[in-house]
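The values are calculated or read from the model by the stated rules, or taken from the named source; none is laboratory data. The structure presented is a predicted model; accordingly, all values stated were derived computationally and were not measured. Cβ: placed from backbone, ideal geometry, glycine included. Neighbour counts: every protein chain shown.
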Amino acid sequence: MNKKHYTFSERLSIESMLNEGYSIKEIENDIKRSSSNIIKEINKHITLVFPTAFNNYNCCLNHDNCNVKTFECYRVCKNVNYKVCPKLSKSPHVCNGCSTKSGCRFVKRYYKARDAHDNYKINLSDKRKGLHYSEYEHTVLIDILCPLIIKTKSVYHSINAVNEEFNLNFNLKTIYWQIKGNYLPIKSFDLPRLRESKKIKRDKNYKREIEGHTYDIYTNYKINNPNAIETQMDTVEGIKENNASVILTLEIVEINFLFMFKISSQNKNEVIKKLIYFKDIIGQETFDKIVEILLTDNGKEFFILDDIEEISSNVHLFYCHPYSSFEKGSIENNHEFIRRVIPKGVSLKPYSQKELDLLCSHINSLYRASLNGKCPFDLIEKFISMDIINKLGLTKINALDICLIPELLGDKNINNIKKYLDEKDIKKANIKFIKNE
């Protein structure tokens, strides 16, 4: 009974039953729609059939006194006033089932399924075109929401931030549809690219001896310890050269909270130093709690099985299968945000830890659908106090001020990108410089 749109088959049923003289109540029982709803459908899609002008007959009541009368003028006249058949005063108010309609000289009212459905599709298409917003909503949409989408490259975050700040109700699917239909000053290029995965067969067998620390053991440990907190660890690389700087990343999986540390080279000694630094800032007890499960990949810098026990005896270190980054997909998703600001293939040497903290703060302030509309900062105090988070150089950013494009780190970042990437690489990385527009 609560279906919104009529199907063509339902409209055919209505026409057929009207032609056979069934009542509205009988039609209701057949198509499972309410009587009032059926009456609205019929009245909304009435087809008028005028009688012929045989013997100069004119059905308009104003014809005799009209100054603009022509042959069959009643078909086009806006002021036509015709006599209504007395039978139409009774339900269902149409001529479909009338037995005397063949010789009738009244204007006839019919419900025709094909005409009704064609008219419905035209009206539906027209209603869905363009932007149907009030002047205030349109101003917020164009002046605030669209620029925020371009800055954050996150439609979800931008809509939630604007709805919360301005008490509006922009819809995620509608905005995506309007972007796709070119109704907004945003192109698909402005949003994160859709990647086509390259299906390359690779050997996913472990190359190093990690018995007891494989992904399968990790899966079993998670099942047997459902309350254990998981942290994922990885590195973000810049240019491919010896002793190049990289970014060590840690993420508390449950809340997608990210930590970023610059290390001077991609080796296990640097990783251990940063883990010790991280532990000293947050405290041994907190470290043991949030890093009970530590999942990482097979990079040489992460083969620290002997060293990790000296940092904490509570850490259970596990390794994903080779070439299986999807097994630690949570932290990989956060890496996508980093790449929106610092694309792959540029040197990480120019960036200070303070600049990485700024980028990290913006990422952790982004609203996530996976967190029911909250951002990682909203949930971090369940694990680490905000005072300690601030000691790590991280602060929550206002939702409307979040920026995840190269301009976040200033001209230095833009110049660094242009130094290492040509125009083709920049386009491939979906990098767009707003200042240049």
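Structure summary
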{"read-out": "Residue count for the stretch 304-321, restricted to those that are crowded, with 18+ Cβ neighbours inside 10 Å and in a helix (DSSP H, G or I)", "value": "2"}
{"read-out": "Residue list for the stretch 234-253, restricted to those being in a loop (DSSP other than H, G, I, E, B) and of a type outside the set (G, A, S)", "value": "E237, I239, K240, E241, N242, N243"}
{"read-out": "Restricting the stretch 98-109 to residues that are surrounded by 15 or more Cβ atoms within 10 Å (Cβ to Cβ) and more than 20 Å from S36 (Cβ to Cβ), the residue that is modelled with the lowest pLDDT", "value": "K101"}
{"read-out": "Residues within the stretch 13-60 that are of a type outside the set (F, W, Y), part of a loop (DSSP other than H, G, I, E, B), on the phi < 0 side of the Ramachandran plot and surrounded by fewer than 13 Cβ atoms within 10 Å (Cβ to Cβ), tallied", "value": "3"}
{"read-out": "Candidates I229, I308, I281, filtered to the one that is among the hydrophobic types (A, V, I, L, M, F, W, C), in contact with a helix residue (DSSP H, G or I) (Cβ under 8 Å, 6 or more places away or on another chain), at pLDDT 95 or above and over 26 Å from K354 (Cα atoms)", "value": "I229"}
{"read-out": "Checklist (1) touching a helix residue (DSSP H, G or I) at 6+ places or on another chain (Cβ under 8 Å); (2) over 20 Å from I331 (Cα atoms); (3) modelled with pLDDT of 95 or more applied to S264, failing item", "value": "(3)"}
{"read-out": "Helices (runs of 4 or more DSSP H) contained in the stretch 322-436 and holding at least 2 residues among the basic types (K, R) and touching a residue at least 40 places away in the same chain (Cβ under 8 Å)", "value": "329-341, 410-420"}
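For (1) in contact with a Ser or Thr (Cβ under 8 Å, 6 or more places away or on another chain); (2) surrounded by 14 or more Cβ atoms within 10 Å (Cβ to Cβ); (3) modelled with pLDDT under 90; (4) among the aromatic types (F, W, Y), each residue gets a yes or a no:
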{"site": "N67", "(1), (2), (3), (4)": "no, no, yes, no"}
{"site": "L88", "(1), (2), (3), (4)": "no, yes, yes, no"}
{"site": "S91", "(1), (2), (3), (4)": "yes, no, yes, no"}
{"site": "Y111", "(1), (2), (3), (4)": "yes, yes, no, yes"}
{"site": "E137", "(1), (2), (3), (4)": "no, yes, no, no"}
{"site": "I144", "(1), (2), (3), (4)": "no, yes, no, no"}
{"site": "I150", "(1), (2), (3), (4)": "no, yes, yes, no"}
{"site": "I159", "(1), (2), (3), (4)": "no, yes, no, no"}
